[in-house]
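*Asks:* First the structure, then my questions, so here it is.
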Amino acid sequence: MSTAANATTLKWAHVYEASSPYHEAVLWAADEIKKQTDGRVTINAYPASSLGKESELNEALDFGTVDIIYTGETFARQAYPPIEISAFPFVIRDYTHWKAYRDSALFTEMSEGYEGKTGHDVTAFTYYGARHVTSNTPINTPEDMKNIKIRVPNAPLFLMFPKAVGANPTPLAFSEVYLALQQGLVDAQENPLPTIKFKKFYEVQKYINLTGHMSNSLLTIVSNYSKNKISASDYDKLTAITKQASNKASDQINDAEQNLSAWFVSQGVTVNKVDKEPFKAIMRPYVSSKSNGFTAEQLARIEAL
């Protein structure tokens with residue numbers, strides 16, 4: 001096992017900007033693990049896709065070429081479909097409900113299911129935010145989304161909401177969204193408020209419509225190979241620290257969500273409060289479908305929290 005003179009360095013990689021709360025949490029964790037292990041374990045951080053796109057980071061975990069990653073539920077589902085449940089439209093009601101799920105026996109079962117399939121450990125769950133639609137025309141009802149060209153991430157789950165309301169979902173790489181909006185190649189996009197600010201989408205869209213149609217989260221996953229690099233007690237410290245880091249980032253994102261509407265208004269954008277009920281009614285049969293990878297019992301349990 002490693003000593004301070006012969007430290008074990010772990011690589012933590014992700015696709016988010018160095019200025020994001022997610023990366024700040026990684027840097028905090030790196031300081032903390034070094035302190036708590038007297039230098040036996042150090043973490044090197046690799047933000048902004050510097051070690052690859054999210055799909056590549058998931059593969060790197062399997063090969064042990066990275067030790068820790070952040071990844072979305074839509075990537076983790078490829079190994080274990082039920083873990084995506086919390087990302088489905090209107091399943092998570094708000095941040096309080098999200099925290100109840102994070103701390104629940106159901107989430108523990110989901111994590112263990114993923115670990116059973118991959119050997120990797122899910123050590124923490126980070127709030128990424130509720131997704132809202134930005135556009136150049138106001139969206140108040142599902143009918144207002146008919147035929148609009150909306151950029152979505154290239155994953156099946158993200159197509160569900162726009163297809164159900166009759167929009168025209170257009171998958172595009174994250175890095176191409178600003179230009180596509182600016183040039184009118186797409187009419188709209190959807191992301192959490194902090195992301196809309198980070199990526200400056202508000203500069204090229206007139207309306208932020210508070211649809212809150214999905215809540216996304218990031219899983220912190222430690223590679224199966226990395227567990228054997230450090231002692232059991234240091235590994236326990238590592239998992240506890242990743243949880244604390246995740247809680248810090250989650251609270252920061254939630255605080256930003258509470259305060260950003262006013263900031264966007266100050267930038268000249270119209271922030272549009274939306275009645276979600278008609279949207280929820282349309283989505284219900286899609287979310288309840290047996291083909292989603294989770295059971296009716298699991299859906300009932302998450303909704304009951």
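*Asks:* Give the percent of DSSP beta bridges with both residues in the chain that are antiparallel, rounded to the nearest 5.
*Replies:* 55 percent
*Asks:* In degrees from 0 to 90, rounded to the nearest 10, what is the angle of the helix 54-63 Cα long axis to the longest principal axis of the chain?
*Replies:* Long axis of 54-63 versus the principal axis of the chain: about 20 degrees.
*Asks:* Could you work out the relative contact order of the chain? I mean the mean sequence separation of Cα pairs under 8 Å and 6+ apart, divided by the number of residues, in percent.
*Replies:* Computed over the chain, the figure is 26 percent.
*Asks:* Additional query: In vacuo Debye scattering of segment 72-216, one point per C-alpha: log10 I(q)/I(0) at q = 0.09, 0.17 Å⁻¹?
*Replies:* The calculated log intensity ratios at q = 0.09, 0.17 Å⁻¹ are -0.30, -0.95.
*Asks:* Give the angle, between 0 and 90 degrees and rounded to the nearest 10, that separates the Cα long axis of helix 21-36 from the longest principal axis of the Cα atoms of the chain.
*Replies:* It is inclined by approximately 10 degrees.
*Asks:* Oh, and also: Connecting C-alpha atoms closer than 10 Å in a GNM of the chain, tell me which of LEU260, LEU219, LEU179 has the biggest fluctuation.
*Replies:* LEU179
*Asks:* If contacts are Cα pairs under 8 angstrom and at least 6 residues apart, what is the relative contact order of segment 140-278 in percent?
*Replies:* 29 percent
*Asks:* Sticking with this structure for a sec: Can you bin segment 1-54 into rounded, prolate or oblate? Criterion: square roots of the alpha carbon gyration tensor eigenvalues sorted a ≥ b ≥ c, rounded for a/c under 1.5, prolate for a/b above b/c, oblate for the rest.
*Replies:* oblate
*Asks:* Can you give the accessible area per residue of segment 93-236, in Å², using a 1.4 Å probe?
*Replies:* Here the per-residue accessible area is 39 Å².
*Asks:* Follow-up question, since we're still on this one. Tell me the angle of helix 105-118 to the major Cα principal axis of the chain, expressed in degrees between 0 and 90 and rounded to the nearest ten.
*Replies:* Approximately 70 degrees, to the nearest ten.
*Asks:* I would also like to ask the following. What pairs from LYS11/LYS34; LYS99/LYS200; LYS11/LYS99; LYS34/LYS227; LYS35/LYS237; LYS35/LYS229 go past 21 Å between their alpha carbons?
*Replies:* Violating the 21 Å Cα-Cα cut-off are LYS99/LYS200; LYS11/LYS99.
*Asks:* Please report Rg (one decimal) and Dmax (integer) in Å for the Cα set of segment 8-110.
*Replies:* 15.3, 45
*Asks:* Please check: in the Gaussian network model of the chain (C-alpha springs, under 10 Å), which one of ALA180, ALA124, ALA262 has the largest mean-square fluctuation.
*Replies:* In this elastic network of the chain, the residue with the biggest mean-square fluctuation among ALA180, ALA124, ALA262 is ALA262.
*Asks:* Work out how much length ASN168 to TYR225 would gain on full extension: take 0.36 nm times their residue separation and subtract the Cα-Cα distance, in nm to one decimal.
*Replies:* Stretched fully, the ASN168-TYR225 segment lengthens by 16.3 nm.
*Asks:* Oh, and also: Could you look at the chain and say what percent of its accessible area is carbon and sulfur, using a 1.4 Å probe and all protein chains?
*Replies:* 51 percent
*Asks:* Say the dipole of segment 29-98 comes from +1 at the beta carbon of Lys and Arg and -1 at that of Asp and Glu; which of ILE33, THR65, ALA76 then lies farthest toward its positive end?
*Replies:* Positive-most Cα among the choices belongs to ILE33.
*Asks:* Which shape class applies to segment 185-302: rounded if a/c is under 1.5, otherwise prolate when a/b exceeds b/c and oblate if not, where a ≥ b ≥ c are the square roots of the Cα gyration tensor eigenvalues?
*Replies:* Since a/c reaches 1.5 but b/c is at least a/b, the shape of segment 185-302 is classed as oblate.
*Asks:* Using Cα positions and a limit of under 24 Å, work out the lysines in reach of LYS163, with same-chain residues fewer than 8 apart set aside.
*Replies:* Within the straight-line limit of under 24 Å, LYS163 reaches these lysines: LYS146, LYS149, LYS206, LYS273, LYS276, LYS280, LYS290.
The values are calculated or read from the model by the stated rules, or taken from the named source; none is laboratory data. Nothing here was measured: the structure is a model prediction, and the numbers come from that model. In this analysis, Cβ positions are derived from the backbone assuming ideal geometry, glycine residues included, and neighbour counts consider all displayed protein chains. Note: accessible area is taken over every heavy atom of the protein model, side chains too, but ligands, DNA and RNA are not part of it. Shrake-Rupley method; radii C 1.70, N 1.55, O 1.52, S 1.80 Å.
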